[in-house]
Amino acid sequence: MGAPVVHFEINGTDAAATRAFYGELFGWSIDADNPMGYGMVDTGGGTGIAGGIAAAQGPPMATFYIEVEDPQAKLDEIEARGGSVIVPVTEVPGAVTFALFADPDGNCIGLVKAE
């Protein structure tokens, strides 16, 4: 069975302004009322995937997340195939376990642990 794309994320230099831009432009409902201020996006479209908008920890970027059973094993495979780890496996207690990698061309892609 393949690994589904389950989440998108947009990081900007000013998270509130980025949320306002996308929310107003596309009619998205964005809830950032959480301890991390992470804007959970409900596109209201009835199809597609959910997403988030956050403050960039590095350069602004947009990425998507692929759900896998074992993020570390997948990072090991990615490195063996010429990719590199950007953010190692990281657990946000009660929320998500994720990692970020760069493919051989430098594209930033996320992994999220299957629940």
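The values are calculated or read from the model by the stated rules, or taken from the named source; none is laboratory data. Here the structure is a predicted model, which means the values were calculated and not measured. Here the Cβ is made from the backbone with ideal geometry for all residues, glycine too, and neighbour counts use every protein chain on show.
Among the residues of region 27-38, the one identified as of a type in the set (D, E, K, R) and outside any strand (DSSP E or B) is Asp33.
Using the structure shown, decide if Val41 is more than 14 Å from the chain's Cα centre (by Cα), in a strand (DSSP E or B), surrounded by 12 or more Cβ atoms within 10 Å (Cβ to Cβ) and on the phi < 0 side of the Ramachandran plot. Judged against the criteria, Val41 is not a match. Checking Ile78, Ile109 one by one, the residue that is modelled with pLDDT under 95, more than 23 Å from Gly27 (Cβ to Cβ), surrounded by 15 or more Cβ atoms within 10 Å (Cβ to Cβ) and of a type outside the set (S, T, N, Q) is Ile109 and no other.
Restricting attention to region 54-92, the residues being outside any helix (DSSP H, G or I) and within 16 Å of the chain's Cα centre (by Cα) number 23.
If you check Gly27, Gly48, Gly58, which single one turns out to be loosely packed, with under 13 Cβ neighbours inside 10 Å and closer than 20 Å to Glu115 by Cβ? Answer to the check: Gly48.
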